[in-house]
Amino acid sequence: MKLLLLLLVVGIAFWMIGARRRGPRVPPPSSPSQAPAATAPATMVACAHCGVHLPQPDALVDGDGGLYCSEAHRRAGPR
């Protein structure tokens, strides 16, 4: 049992020394052609009924051009 424990400690010591010699693992930099294209930030607009801010593509527009956060607020109209 003592021999097994000694072998385990020696093995861990060799593994740690080897890891220190190899240095930290750093992933290779990705090429610019593989990087995802950056998208422009969406314009934030306020709901005409409750005032909550949401991205313009998610807003609902009524006939008068008012922007709303939900169908219920669009039906309720502006405050």
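Quick look at the numbers
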| item | result |
| --- | --- |
| Leading residue at positive end of dipole, the chain (Cβ point charges), from Leu3, Pro29, Ala59 | Leu3 |
| Whole-number percent relative contact order across the chain, with pairs defined as alpha carbons under 8 Å at least 6 apart | 19 |
| Mean-position separation - Cα centroids, the range 46-68 and the range 1-23, in angstrom | 64 |
| With Cα atoms, 0 to 90° folded angle of helix 2-22 axis to the chain main axis | 60 |
| Linear extension gain, Arg75 paired with Asp58, 0.36 nm per residue minus alpha-carbon span | 4.5 nm |
| Simple spin-label estimate for Ala19 and Ala42 in nanometres, 7 Å along Cα-Cβ | 4.3 |
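Read-outs throughout are calculated quantities, based only on the coordinates presented, and are distinct from any laboratory measurement. If you're wondering where the values come from, they're calculated on a predicted model, not measured in any experiment. When we count neighbours, we look across all protein chains shown, and the Cβ atoms used for this are built from the backbone with ideal geometry, even at glycine.
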